[in-house]
1. Answer yes if at least one residue in segment 112-129 is at pLDDT 85 or above, of a type outside the set (Phe, Trp, Tyr) and farther than 29 Å from residue 46 by Cβ, and no otherwise.
2. Only one residue in 144, 166 is farther than 19 Å from residue 32 by Cβ, over 15 Å from the mean Cα position of the chain (by Cα) and surrounded by 13 or more Cβ atoms within 10 Å (Cβ to Cβ). Which one?
3. Condition first: surrounded by 16 or more Cβ atoms within 10 Å (Cβ to Cβ) and over 16 Å from residue 18 (Cα atoms). Now tell me which residues in segment 93-108 satisfy that.
4. Any chance you could count how many residues in segment 1-26 are touching a helix residue (DSSP H, G or I) at 6+ places or on another chain (Cβ under 6 Å) and either at pLDDT below 95 or of a type in the set (Val, Ile, Thr) (or both)?
5. Among the listed residues 5, 109, identify the single one that is more than 19 Å from residue 131 (Cβ to Cβ) and not charged (D, E, K, R).
6. Kindly indicate which of 71, 87 is surrounded by 16 or more Cβ atoms within 10 Å (Cβ to Cβ), at pLDDT below 95, touching a Leu at 6+ places or on another chain (Cβ under 9 Å) and not aliphatic (A, V, I, L, M).
7. Pairs please, first residue from segment 151-168 and in contact (Cβ under 8 Å) with a residue 40 or more places away in the chain and closer than 16 Å to residue 123 by Cβ, second anywhere and acidic (Asp, Glu) and assigned to a helix (DSSP H, G or I), Cβ atoms under 7 Å, 6+ apart in sequence or on different chains.
Amino acid sequence: MAFEYIKALHIIFVVTWFAGLFYIVRLFIYQTEAMDRPEAERAILKPQLDLMARRLWTIITWPSAVLTLVFGIWVLLYRPAYLQLPFMHAKLGFVILLYAYHIRCHYIYKALQQGIAKWSSAKLRMWNEVATLLLFAIVFLIVLKNLLNMVWGMLGLVMLAMALMLATKWYKSIRERN
């Protein structure tokens, strides 16, 4: 019975972590765009967006990332046989990429908190889709647990990535027209 609670807590913190990752990059976009506003608007927007980003990043996203790792390791300690399964190796590879994504977001966060926008809002919109792709990859691997299905899933993931890029460019063109 304890295993199910550990697994449930792992899943809960994965969900809150992804929620934080999805929203923090949206805030990065807003922070970047606020820096291009006239001074009067920037003076209002920047402090508020910085506060929102700081609270999200330090109260929700980082703790969720740490607790996801803690409960994930606990799940593997409870069921070490999972580490013998090929799909788990692929899943853990994507999880490592997700932590790398998280750490890169941390560097973006730190720069924006100092008023330095190294990335354009368009580039950040594309960056936001990386978390979506990693979410799809991880969930499909855990649910399907099959290497052949994983190959088909990866092909689908590539197609999803292309669709997301096209949708992002299409949205940008609509925004620029308005």
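1. no
2. Of the residues listed, the single one that is farther than 19 Å from residue 32 by Cβ, over 15 Å from the mean Cα position of the chain (by Cα) and surrounded by 13 or more Cβ atoms within 10 Å (Cβ to Cβ) is 144.
3. Once the filter is applied, which keeps residues that are surrounded by 16 or more Cβ atoms within 10 Å (Cβ to Cβ) and over 16 Å from residue 18 (Cα atoms), segment 93-108 yields only 108.
4. Of the residues in that region, 6 qualify.
5. Exactly one residue qualifies, and that residue is 5.
6. None of the others qualify; the one that does is 87.
7. Hits for this filter: 168/129.
Residues checked against (1) assigned to a helix (DSSP H, G or I); (2) of a type in the set (D, E, K, R); (3) closer than 17 Å to residue 15 by Cβ:
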| position | (1), (2), (3) |
| --- | --- |
| 100 | yes, no, no |
| 104 | yes, yes, no |
| 115 | no, no, no |
| 125 | yes, yes, no |
| 131 | yes, no, yes |
| 134 | yes, no, yes |
| 137 | yes, no, yes |
| 142 | yes, no, yes |
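The values are calculated or read from the model by the stated rules, or taken from the named source; none is laboratory data. This one's a predicted model, so the numbers in the text were calculated from it and none came from an experiment. Ideal geometry is used to build each Cβ from the backbone, glycine not excepted, and the neighbour counts take in all protein chains shown.
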